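S.K.: Mind looking over this structure? Questions follow.
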Amino acid sequence: MNNYGIDIWGNDNFIIENGVVKVNKANKPSLISLVKEIRSQDYKGPLLLRFPHLTQGQIDKLYTLYDNAITENNYQGSFNAVFPLKVNQLPNFLIPLINLGKKYNYGLEAGSKAELFLAMTYNKIGAPITVNGFKDKEMIHLCFIAKQMGHDITVIIEGINELETIIALEKETSLPTPNIGIRVRLFNQGSGAWAKSGGIDSKFGLSSTEILEAFEMLEKNNLCEYLTMIHFHIGSAMKSIKPLKNALKESGHIYAELKNLGATHLNAINIGGGLAVEYSQFQRTAQYHLQEFANDVIFTLKNIAKQKGVDEPNIFTESGRFIAANSSVLITPVLELFSAEYEAEHLRLKEHNPPLIVELNELYNDMNSRTALEYMHDSIDHLESLLKLFDLGYIDLEDRSNAEILTNLIIKKAIWLLEVDDYEELQKIDNKIQEKYLLNFSIFQSLPDFWGIKQEFPVMPITHLDKKPTRSASLWDITCDSDGEMEFDPKEPLYLHDVNLKKEEYYLGFFNVGAYQDILGMRHNLFSHPTEINIIFENDTVKCEKILESQKIIDILEDIDYDTNEIKDILKNKLDDNTYKILNRYLHDNSYLKTTWS
Ligand SMILES: *Cc1c(COP(=O)(O)O)cnc(C)c1O
């Protein structure tokens, strides 16, 4: 039975049992039971389920990995972690994360002023804050204010000018000076799709000449005591461990050199983020084991410290994707299968039909499992010829409709006849016989990385898993944009079930969507975020909390700065009261589709 690669990307967070996907926790509720409960409260359209217990699991895992490595190597430095806010700043994700991380002193990383405000407000006092990205004087001033509030904050400078601003502010204000970190521009490039974050021509960091210059400036201004951290980030979703090892060596030596130059308070190396998440349903992408990764970090830094005779540095990490990705699942209702319109009852066969139609009809009636493949190919050829005849004016619209219906019937029958065989036979014909599934969601809003960088996400039906899926599927969203499609890929085929949506519901789940997607999502066609729910496990019972309904149309329009009173006035003036009342109700709905059950 097809398990959609759940053993590759699923982390044991979800299991397939009795034909449905279940959450592998407590009494193992099925996703469909959660979906039904939420929908019974009249929330329709796509749903985003967040699972804080999975965030907790990842935080626990991260700290355990490094604890193990530290113990094993008798390492003297400490392990510290911060969550990079850019990965997911939404309150329903972030506030639980902060609470779950308290016992570890898990901190936050900010890359903009707005994110810094969040960190200053919600970060636990005493848990670290790191600040990356380009900064102006105001942003650096905010860091001084955060320090004044009692935060353990480190400003990581991206350039000499930022250090100049710190020095100026230190003189101008009476506020306490935050710790200073230096982002180093490494010679060693990262790996993975985002490798541009590292490397000699990277957008970020100081070259070795600039590092020396920065240190001299700190000395000259008596600020050496504030220099505590060396930082690098070689990119997201690292595929292999080698670039990290190279970066560790390079930055480890920079750390040791600076210490030996007199940076007495320098005590930490921040290795950035980049731990990979498995998104593929077909093969693992990360060529390392997580424990091996942590061991390598500790072992490499220990050796450099020993070689250069300096203290073993404390370690900071900023992995975000690893913490957040698996914590949410997007559930999309299937609205339509496009071949559904080609049912036999719609045939309008005449007394005298064109010869090719007669032949199609015979193929349909005569085919058996031995001839299925051949007849199917013949039917596709016939359809192509018939469409040409239509363009030339030789057959009419009814003939054309009959041709389309018969060909579809033949294809479906062929798949049904071939079902006894394995997928390989089907794979040979997949390209021609895809079924198109229309899903009630927007790819631009909910899976922006698929649109932007062709990032794949695990997808599978959440029910029907005790039946063999027989339709090679391409997925369409409801935006009016041809990019809102996930095409069938014969190399990594997606098979779904042949369902009758008049009789049964069918939902697809997209997994590992918790990192980056929420905030990168865009309102193309004015589709807003789906309805979100936090799924909480408490004493073995499961609860749906913090339901945040998808935005109402009127609010979406207000968000893009329309005067909604004007909109209402204009519409009201042109309609009678009763019609306007109905219209007003529609304005207060969300923008996803509402068919009988979706
Ligand atoms: C984006 C970013 C991270 C997080 O990267 P992940 O791949 O999500 O772990 C960490 N640190 C910095 C400086 C970043 O820019």
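The values are calculated or read from the model by the stated rules, or taken from the named source; none is laboratory data. If you're wondering where the values come from, they're calculated on a predicted model, not measured in any experiment. When we count neighbours, we look across all protein chains shown, and the Cβ atoms used for this are built from the backbone with ideal geometry, even at glycine.
S.K.: When you look at Leu97, is it buried (at least 20 other Cβ atoms within 10 Å of the Cβ) and either more than 21 Å from Val23 (Cβ to Cβ) or of a type in the set (Lys, Arg) (or both), yes or no?
M.R.: In short, no.
S.K.: With the checklist (1) surrounded by 15 or more Cβ atoms within 10 Å (Cβ to Cβ); (2) at pLDDT below 95; (3) in a loop (DSSP other than H, G, I, E, B) in hand, flag the one item Gly514 doesn't pass.
M.R.: Failed condition: (2).
S.K.: What residue, of Val297, Val310, is crowded, with 18+ Cβ neighbours inside 10 Å, within 16 Å of the ligand (Cβ to nearest atom) and of a type in the set (Val, Ile, Thr)?
M.R.: Sole residue among the options that is crowded, with 18+ Cβ neighbours inside 10 Å, within 16 Å of the ligand (Cβ to nearest atom) and of a type in the set (Val, Ile, Thr): Val297.
S.K.: Looking at Tyr4, is it in contact with a strand residue (DSSP E or B) (Cβ under 6 Å, 6 or more places away or on another chain) and of a type in the set (Phe, Trp, Tyr)?
M.R.: So Tyr4 passes the test.
S.K.: Okay, moving on. May I ask you to say which residue of Glu292, Glu257 is more than 30 Å from Asn2 (Cα to Cα), at pLDDT 95 or above and surrounded by fewer than 18 Cβ atoms within 10 Å (Cβ to Cβ)?
M.R.: One residue alone meets the criteria, Glu257.
S.K.: Only residues that are over 30 Å from the mean Cα position of the chain (by Cα) and within 16 Å of the ligand (Cβ to nearest atom): list them for the range 144-162, please.
M.R.: Gly159, Glu162 - these are the residues of the range 144-162 that are over 30 Å from the mean Cα position of the chain (by Cα) and within 16 Å of the ligand (Cβ to nearest atom).
S.K.: Taking into account only those residues within the range 353-403 that are within 47 Å of the chain's Cα centre (by Cα) and of a type in the set (Phe, Trp, Tyr), which is nearest to Ser339 (Cα to Cα)?
M.R.: Residue satisfying both the conditions and the ranking: Tyr364.
S.K.: Mind listing whichever residues of the range 450-495 are basic (Lys, Arg) and not in a loop (DSSP other than H, G, I, E, B)?
M.R.: Result: Arg471, single match.
S.K.: To continue, here is another question. Go through the range 209-251 and count every residue that is part of a helix (DSSP H, G or I), within 16 Å of the ligand (Cβ to nearest atom) and aliphatic (A, V, I, L, M).
M.R.: 3
S.K.: So, in the range 286-303, exactly how many residues are touching a residue at least 40 places away in the same chain (Cβ under 8 Å) and within 27 Å of the chain's Cα centre (by Cα)?
M.R.: Selection size over the range 286-303: 9.
S.K.: Now for a different question. Scan the range 101-116 residue by residue and report those that are within 15 Å of the ligand (Cβ to nearest atom), of a type in the set (D, E, K, R) and more than 9 Å from Val82 (Cα to Cα).
M.R.: Matches in the range 101-116: Glu115 only.
S.K.: Please specify each residue of the range 243-298 satisfying the condition of being small (Gly, Ala, Ser) and over 13 Å from His231 (Cα atoms).
M.R.: Ala256, Gly262, Ala263, Gly274, Ala276, Ser280, Ala286, Ala294
S.K.: Continuing with this model, one more query. Test Thr55 against the stated conditions and say whether it is among the hydroxyl-bearing types (Ser, Thr, Tyr), modelled with pLDDT of 95 or more and surrounded by fewer than 22 Cβ atoms within 10 Å (Cβ to Cβ).
M.R.: no
S.K.: I need every pair where a residue in the range 233-244 that is under 21 Å from Ala110 (Cβ atoms) and at pLDDT 90 or above has its Cβ under 9 Å from the Cβ of a residue that is in a helix (DSSP H, G or I) and of a type in the set (Lys, Arg), sequence separation at least 6 or different chains.
M.R.: none
S.K.: Only residues that are surrounded by fewer than 20 Cβ atoms within 10 Å (Cβ to Cβ) and either of a type in the set (Ser, Thr, Tyr) or at pLDDT 95 or above (or both): list them for the range 417-437, please.
M.R.: Once the filter is applied, which keeps residues that are surrounded by fewer than 20 Cβ atoms within 10 Å (Cβ to Cβ) and either of a type in the set (Ser, Thr, Tyr) or at pLDDT 95 or above (or both), the range 417-437 yields only Tyr423.
S.K.: Take Leu496 and tell me if it is crowded, with 20+ Cβ neighbours inside 10 Å and free of Cβ contacts under 8 Å to residues at least 60 places away in the same chain.
M.R.: Criteria not met by Leu496.
S.K.: Check whether at least one residue in the range 313-321 is within 19 Å of Gly5 (Cβ to Cβ), touching a residue at least 12 places away in the same chain (Cβ under 8 Å) and within 15 Å of the ligand (Cβ to nearest atom), and report yes or no.
M.R.: Scanning the range 313-321, I find at least one residue that is within 19 Å of Gly5 (Cβ to Cβ), touching a residue at least 12 places away in the same chain (Cβ under 8 Å) and within 15 Å of the ligand (Cβ to nearest atom), so the answer is yes.
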